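Step one of this worksheet: look at the structure below.
The values are calculated or read from the model by the stated rules, or taken from the named source; none is laboratory data. Everything quoted here is computed from the prediction, not taken from an experiment. Note: ideal-geometry Cβ built from the backbone for every residue, glycine included; neighbour counts use all protein chains shown. Please note that ligands, DNA and RNA were not included when accessible areas were found on the heavy atoms of the full protein model with its side chains. Shrake-Rupley method; radii C 1.70, N 1.55, O 1.52, S 1.80 Å.
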Amino acid sequence: MNKRAERKIEHIQHALSTGQKRSNGFNDLTFVHQSLPNLSISNIDLSTTVGELTLSSPIFINAMTGGGGEDTVIINEALANAAKETNIAIAVGSQMSAIKDNRERPSYEVMRRVNKNGVIFANLGSEASVDQAKAAISMIEANAIQIHLNVVQELVMPEGDRDFTNAMNRIEKIVNEIEVPVIVKEVGFGMNREVARQLIDIGVTAIDVGGYGGTNFSQIENKRRKQVLSYFDEWGITTAASIAEVNSTGKDISILGSGGIQTSLDLAKAIALGASASGVAGYLLKIFIEKGYDDLVLEIKNMLEDLTFIMTALGTKTIIELQKAPIVIGGSTHHWLTERGIDTKRFSNR
Ligand SMILES: Cc1cc2nc3c(=O)[nH]c(=O)nc-3n(C[C@H](O)[C@H](O)[C@H](O)COP(=O)(O)O)c2cc1C
C-alpha cells in the first residue's frame with residue numbers, strides 16, 4: 001500500500017478513535033416553541049436546493065474516503081448504497097489519489113456504479129487544477145464538485161502542504177471553467193464571513209462551513225506525528241457561528257451547515273441559522289464501521305423522520321419556512337456573534 005493510501009486508512013482509524021467533540025455551538029440555540037403549528041406531519045416537504053441542484057432532503061453524507069485500497073472500496077460501496085436506499089446525496093473523499101494513481105479509481109467509481117441516478121459530489125483540495133477538477137467530475141459523473149480548504153489539517157499533517165498561496169485563483173478558474181456547481185468546503189475548522197464574501201464574489205455555488213465541533217482533524221493528524229501541535233486541537237469557528245457568519249454576508253448563497261451534525265435537532269438548528277442542507281460525515285462512518293450497514297440506513301431514516309417531527313412542531317412545512325423559524329441564541333455563540341457584529345435578534349424576533 002502506498003503512503004497516501006496508508007494515510008487514508010489512518011484517517012479513518014483516528015476519526016473513529018477521536019470521535020465527535022459535540023462542541024458545535026448548537027447547544028446555545030433554542031427554538032421558540034409553537035403551540036398552534038396548524039400542520040399535519042403529512043404536509044412536511046423535506047426537499048431543498050443547493051444552487052441549481054434539488055435534493056430530496058437536507059441531509060447528505062459528506063466527503064470521507066477513497067484511495068485507500070480495498071478497504072475504502074468496501075466503505076464507499078456501503079455509503080453509496082445507503083445514500084441510494086434513503087435517497088440522499090453523497091460526496092466522495094478527495095480524489096487526488098486516483099488522479100495521481102489510476103489503481104485507486106475503483107474506490108470512487110464504485111459510488112456511481114451502485115448509485116446510478118443519485119446525487120454525488122466529487123471532491124478535491126484547493127491545490128487542484130481545472131483539468132484535475134474535470135477529471136474528478138468525469139470519474140464519477142458527479143452532479144457537483146466540492147473543493148476543500150484544510151489549511152490547519154495540512155499544517156498538522158506531518159507530510160502536509162506548507163504553501164497555501166493562490167488557492168483563491170485556482171478556485172476561481174475552476175468556477176469559471178466547470179459546468180457543474182462548485183461547493184467550497186472546510187473540514188471542521190469553520191468559515192468566517194470575510195472568506196465567504198470572497199468565495200461568493202468569484203461565483204461559488206455553495207459554501208459548506210465545515211464547522212468546529214465534530215470530527216477534529218487537528219487531533220487526527222496529531223495522532224500521526226511525534227511532536228504534537230496541540231494548540232490546533234481547539235482551533236476553529238463552531239458550526240453554529242460559522243453558518244451565522246456566512247448568512248450575515250446577506251448574499252444569495254447556498255449554505256451547507258456541516259460539522260458535528262449527529263441529530264435532526266442539530267440539523268434543524270443549522271437550517272434555522274440559514275443552511276439549506278447539512279452533511280454528516282464522522283458520525284455516520286462510526287455507525288457503519290461499528291454497527292454495520294443496516295444500522296447506518298436505519299439511522300439516516302430516523303434522522304429524516306425526526307426532522308419531519310421537529311418541523312411539524314415548529315409549524316414549518318418546508319425547508320424555506322424552517323430557515324425563518326424563530327430561534328434564540330445564547331451562551332458563547334451569542335457572545336461570538338455579538339463580538340462579530342452579527343445581530344442575534346434577527347434570528348429570535350421574526
Ligand atoms: C475519515 C474522514 C475522512 C475525510 N476525508 C475528507 C476528504 O477527503 N475531503 C474532504 O473534503 N473532507 C473530508 N473529511 C471531512 C468531512 O467531509 C467533514 O467536513 C468533517 O469531517 C466534519 O464533519 P463531521 O463532524 O460530520 O465529521 C473527512 C472526514 C472523515 C471523518
Selection from the stretch 301-321 of residues open to solvent by less than 20 Å² (accessible area, probe 1.4 Å) and either of a type in the set (S, T, N, Q) or out of contact with any strand residue (DSSP E or B) (no Cβ under 7 Å at 6 or more places or on another chain) (or both) yields Leu307, Met311, Thr316
Scanning the stretch 1-60 residue by residue, those over 25 Å from Ser97 (Cβ atoms), within 16 Å of the ligand (Cβ to nearest atom) and in a strand (DSSP E or B) turn out to be Val50, Ile59
Going through (1) open to solvent by less than 10 Å² (accessible area, probe 1.4 Å); (2) near the ligand (Cβ under 10 Å from one of its atoms); (3) under 17 Å from the mean Cα position of the chain (by Cα) one by one, Ile220 fails only at (3)
The helices (runs of 4 or more DSSP H) lying wholly within the stretch 61-121 that contain at least 3 residues that are without any contact (Cβ under 8 Å) to a residue 40 or more places away in the chain are 70-86, 106-114
Check: Could we say that Leu284 is among the hydrophobic types (A, V, I, L, M, F, W, C) and within 13 Å of the chain's Cα centre (by Cα) here?
Finding: yes
query = Is it true that Gly330 is within 15 Å of the chain's Cα centre (by Cα) and farther than 25 Å from Ser17 by Cβ?
reply = no
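Which of the following residues is within 12 Å of the chain's Cα centre (by Cα), of a type outside the set (S, T, N, Q) and open to solvent by 10 Å² or more (accessible area, probe 1.4 Å): Gly259, Gly274, Gly279, Gly250?
None of the others qualify; the one that does is Gly259.
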Inside the stretch 140-155, the number of residues satisfying the requirement of being touching a residue at least 40 places away in the same chain (Cβ under 8 Å), farther than 18 Å from Val195 by Cβ and either in a strand (DSSP E or B) or more than 14 Å from the ligand (Cβ to nearest atom) (or both) is 2
Gln262: passes all of (1) in contact (Cβ under 8 Å) with a residue 40 or more places away in the chain; (2) in a helix (DSSP H, G or I) but (2)
Requested in this report: Could you tell me whether any residue of the stretch 49-62 is over 30 Å from Gly315 (Cα atoms) and either open to solvent by less than 20 Å² (accessible area, probe 1.4 Å) or of a type in the set (Val, Ile, Thr) (or both)?
Outcome: no
Out of (1) surrounded by fewer than 23 Cβ atoms within 10 Å (Cβ to Cβ); (2) within 16 Å of the ligand (Cβ to nearest atom); (3) at positive phi; (4) not hydrophobic (A, V, I, L, M, F, W, C), the one Asn87 does not meet is (2)
